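Notes follow once the structure below has been shown.
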Amino acid sequence: MIPEMGHFALIIAFVLALLLAVVPAWGAWRRNVYAMALAPRLAIGQLVFVAISFTCLAVAFLQDDFSVAVVASNSNSLLPAIYKFSAVWGNHEGSLLLWSLILCLWTSAVAVFSPQLPLLVLSRVLSVMGAVAVGFLSFSLLTSNPFARLLPSIPPDGNDLNPLLQDPGLIIHPPLLYMGYVGFSVAFAFAIAALLGGRLDASWARWSRPWTNVAWAFLTLGIMLGSWWAYYELGWGGWWFWDPVENASFMPWLAGTALVHSLAVTEKRGLFKSWTVLLAIFAFSLSLLGTFLVRSGVLTSVHAFATDPARGMFILVFLAIVVGGSLVLYALRAPAVSSRVSFSWVSRESLLLFNNVVFLVATLTVLFGTLFPLFVDALGMGKYSVGPPYFNAVFVPLMALLAPVMAFGPVSRWKRDSTQRWKAELLVPGIVAVVCAITLPLVHADYNIWVALAVLLSAWLVCGLARDVWFRMGGSAGFPRGLRRLTPSYWGMVLAHLGFAACIVGVVATSQYSIEHDLKMSPGETDVVAGYEFRFLEVAQVRGPNYLADEARFEVTRNGELVAMLAPQKRRYLASGSVMTEAAIDPGVFRDLFVAMGEPIGEGGAWAIRLHYKPMVRWMWVGSIFMALGAFATVMDKRYRRQRSSATSTAHGTEYAR
Amino acid sequence: MHPVRKQRLYLVLFIVIFSSAAIGLIAYAMRGNINLFYPPTDVAQGKAPVGQPIRVGGMVVEGSVQRADDSLETRFEVTDFEASVPVVYVGILPDLFDEGQGAVASGKLDENGVLQASEVLAKHDENYMPPEVMDALEQSGFDHKGVKQ
């Protein structure tokens with residue numbers, strides 16, 4: 001009964017989305033205020049019904065209703081309740097429903113938090129988002145109905161959730177990632193609405209900017225969680241594989257980063273308008289492409305749930321409509337919104353332009369590497385795979401090019417600046433950075449030129465930022481008052497840039513200094529990694545809620561002092577019989593110690609053991625959290641709230657409509 | 001020249017130079033960093049290059065997995081049921097690697113026709129099969145249990 005209710009609610013939501021896509025758009029065209037005013041209500045109605053539908057599916061999972069096909073193939077009565085809940089999106093159908101739910105959340109958020117927005121713009125924006133919802137809800141209903149029943153032969157128990165997905169990180173990773181992915185639909189909808197209205201101005205950028213920043217922040221957190229999960233759950237200590245599915249989430253992030261920066265120029269200076277619109281379309285198209293890559297099963301990956309050509313075809317057609325349609329609209333309308341403001345070459349505008357070019361090129365190179373195997377395969381020229389060496393070779397130099405220029409950004413001025421001023425501002429930070437680069441890597445035993453370079457770049461960033469903060473609050477004289485004068489969006493920028501600096505150091509230090517021993521060990525044996533003595537004590541049998549495990553116990557000492565007790569496991573899940581490695585990690589600010597088990601070797605109780613020493617691996621995740629917090633902070637800025645409290649929206653709206 | 005035009009010219013020049021640098025970088029990175037998949041039949045017929053990075057995949061032959069007693073070396077064979085290719089891998093195998101299951105190994109062929117693998121990928125869950133393996137089997141005309149279709 002409950003699954004049928006969910007199915008029915010999903011159909012109602014689809015009808016509402018269809019209405020939302022058509023009625024307010026028609027109203028905006030005919031200037032019909034009543035039709036336009038329907039938009040927020042339809043948006044909320046759509047959210048309510050998708051939420052009901054999602055709840056029904058969650059209930060089916062929690063109640064072990066194995067007559068529902070999705071539940072039967074992705075859950076099990078032994079599964080802990082929290083994983084039964086997260087299993088809702090641990091499969092193709094459910095994750096698509098989550099996609100739709102989050103899209104409806106964003107749509108309603110725009111409807112609720114935009115009283116300052118002219119009704120005409122609001123109705124166009126919501127209409128565009130409604131159209132996207134139509135696409136996804138019909139995809140759900142037509143090709144991947146989550147409520148399909150297995151009648152009359154109901155299985156006695158379910159197949160179990162893939163053990164890899166039975167993990168706390170996986171409870172929040174997909175929702176966060178989707179919040180980011182789908183959040184770019186808001187920026188996209190604002191861009192399309194602006195193209196439809198033919199008015200791209202600073203106020204458009206101001207409306208769209210907070211949404212874009214929030215979406216970007218969620219995407220950052222989502223990607224970071226995915227990387228962290230891969231590190232401790234996949235059992236081989238890697239944190240980024242340039243796997244096509246990772247790239248699928250990384251490409252919208254790169255394009256989104258460009259978008260966040262070019263929106264700043266558009267808001268502050270009214271420049272780069274057409275470019276910003278194009279980036280908004282590009283970022284959302286890449287989100288859709290990511291969904292296509294992940295969900296169509298064209299890729300070999302943990303994320304590829306099912307292979308069904310019909311599904312792949314549907315998303316491909318949808319993608320073609322969205323990208324093709326918006327590019328045609330862009331071609332027709334963009335020339336009308338070009339700008340006439342100029343800027344000097346030595347200015348913040350050109351620095352941000354540089355940022356945009358770097359991120360765009362980075363996006364395109366990743367896109368090329370990701371799609372190349374698919375194209376070649378489609379042409380029947382063989383099955384290639386493009387590995388991490390390619391991506392590292394193109395991506396790392398690009399980022400190394402970006403960082404030196406990045407420090408100039410905060411200290412630079414809009415419109416016209418002078419290189420003398422830059423020199424005066426950044427001479428001291430530059431010297432400090434060089435000193436750091438020479439001394440800091442000495443802390444580690446062997447001096448590594450790449451780490452020195454990374455320290456140079458990030459110290460340059462950090463010192464430049466420190467200099468700028470100091471300058472802006474008026475030196476030591478204005479200490480408490482000056483600090484308060486700085487806006488949240490400024491602090492957000494500082495935080496995000498500091499996060500980037502932390503990422504650089506973390507990534508390079510881990511890549512250069514990591515020590516990995518894969519070896520055969522018997523209980524009682526010892527191995528030394530980077531001065532840490534790993535003693536293999538014993539192997540014990542352990543029982544979990546839905547698995548049996550061999551647990552290896554390790555004692556880690558350094559210079560005779562106990563550092564940590566580590567107990568990695570090799571689990572056999574009862575329902576599916578699948579085997580899973582559970583690594584044990586001793587985390588630290590400056591180093592992680594990582595132990596994972598392979599398979600038993602020979603008769604003597606020996607095991608294949610993986611011992612890792614990973615310096616500063618956490619810095620990139622902490623850096624990513626900083627970036628996300630920075631992006632969230634910008635939304636607190638007064639200038640976005642001020643517009644909210646001002647403006648009697650309808651009067652303003654009708655004026656805008658003329 | 002008009003300053004706006006001059007600015008535009010510089011912009012175009014900058015983009016051209018930057019993107020050609022990027023394309024050069026890509027071309028450089030693509031050399032030797034991509035590898036092609038070969039079904040075991042092709043390897044057996046000598047169609048696969050020796051000493052270059054390639055991938056070979058198929059079903060792991062039942063009873064072919066031999067683990068060394070004193071190291072992490074593992075030997076096994078992958079097959080598409082027409083021909084099979086011996087693989088040597090030193091390291092820890094993925095959890096879902098097993099006899100009678102699909103696997104893809106990447107590495108280099110040595111002169112004896114043995115694939116010296118640097119990485120072995122297995123399927124990710126019970127119902128999933130690497131697409132390359134599926135295709136290789138389709139070409140040889142067998143299903144994953146070795147029954148002729």
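The values are calculated or read from the model by the stated rules, or taken from the named source; none is laboratory data. Please read these numbers as outputs of a predicted model, since none were measured by experiment. Cβ coordinates were reconstructed from backbone atoms using ideal geometry, including for glycine residues, and neighbour counts include every protein chain displayed.
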### Query
Being among the hydrophobic types (A, V, I, L, M, F, W, C), touching a helix residue (DSSP H, G or I) at 6+ places or on another chain (Cβ under 8 Å) and more than 14 Å from chain B (Cβ to nearest Cβ), is that true of even one residue in region A:558-579?
no
### Query
When residues of region A:66-113 are filtered for being farther than 20 Å from A:D167 by Cβ and surrounded by fewer than 20 Cβ atoms within 10 Å (Cβ to Cβ), how many remain?
6
### Query
Looking at this structure, is A:L442 among the hydrophobic types (A, V, I, L, M, F, W, C), over 31 Å from the mean Cα position of the chain (by Cα) and farther than 25 Å from A:A530 by Cα?
no
### Query
Counting just the residues of region A:345-361 that are within 9 Å of chain B (Cβ to nearest Cβ) and touching a residue at least 12 places away in the same chain (Cβ under 8 Å), which one comes out nearest to A:W275 (Cα to Cα)?
A:L353
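Restricting to helices (runs of 4 or more DSSP H) lying wholly in region A:313-421: which have 2 or more residues that are in contact with an Asp or Glu (Cβ under 8 Å, 6 or more places away or on another chain)?
Numbers: elements: A:348-378, A:388-406, A:408-411.
Answer list for region A:313-421: A:408-411.
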### Query
For region A:564-573, does any single residue satisfy the condition of being assigned to a loop (DSSP other than H, G, I, E, B), in contact (Cβ under 8 Å) with a residue 12 or more places away in the chain and closer than 20 Å to A:D160 by Cα?
no
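Out of A:F359, A:F354, A:F368, I need the residue that is aromatic (F, W, Y), crowded, with 21+ Cβ neighbours inside 10 Å and closer than 30 Å to A:A264 by Cβ. Which one?
A:F359
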#### Entry: Selected residue (only one of A:V50, A:V59 is modelled with pLDDT of 90 or more and crowded, with 24+ Cβ neighbours inside 10 Å)
A:V50
#### Entry: Filter result for B:P49 (loosely packed, with under 14 Cβ neighbours inside 10 Å, within 13 Å of chain A (Cβ to nearest Cβ) and in contact (Cβ under 8 Å) with a residue 24 or more places away in the chain)
yes
#### Entry: Complete set of residues in region A:582-607 that are out of contact with any Lys or Arg (no Cβ under 6 Å at 6 or more places or on another chain), in a strand (DSSP E or B) and within 8 Å of chain B (Cβ to nearest Cβ)
A:G598, A:E599
### Task
Considering each residue of region A:530-558, count those that are at pLDDT 90 or above, more than 16 Å from A:A608 (Cα to Cα) and of a type outside the set (D, E, K, R), and give that number.
6
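Any residue at all in region B:11-31 that is assigned to a loop (DSSP other than H, G, I, E, B), within 20 Å of B:E132 (Cα to Cα) and more than 7 Å from every other protein chain (Cβ to nearest Cβ)?
Narrowing region B:11-31 to residues assigned to a loop (DSSP other than H, G, I, E, B): B:31.
Now narrow it down to the ones that are within 20 Å of B:E132 (Cα to Cα): none.
No, region B:11-31 contains no residue that is assigned to a loop (DSSP other than H, G, I, E, B), within 20 Å of B:E132 (Cα to Cα) and more than 7 Å from every other protein chain (Cβ to nearest Cβ).
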### Task
Evaluate the following for A:T370: is it polar (S, T, N, Q), over 29 Å from A:R348 (Cβ atoms), more than 9 Å from chain B (Cβ to nearest Cβ) and without any contact (Cβ under 8 Å) to a residue 12 or more places away in the chain?
no
### Query
Quick check: anything in region A:213-225 polar (S, T, N, Q), surrounded by fewer than 18 Cβ atoms within 10 Å (Cβ to Cβ) and part of a helix (DSSP H, G or I)?
no
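Search region B:55-78 for residues being of a type outside the set (D, E, K, R) and in contact (Cβ under 8 Å) with a residue 60 or more places away in the chain, and hand back the single one that is nearest to the other protein chains (Cβ to nearest Cβ).
Our first condition is that a residue be of a type outside the set (D, E, K, R); within region B:55-78, this holds for B:56-61, B:63-66, B:68, B:71-72, B:74, B:76, B:78.
So of that shortlist, the ones also in contact (Cβ under 8 Å) with a residue 60 or more places away in the chain come out as B:57-59.
Numbers: B:G57: 9, B:G58: 13, B:M59: 16 Å.
Once the filter is applied, the top-ranked residue is B:G57.
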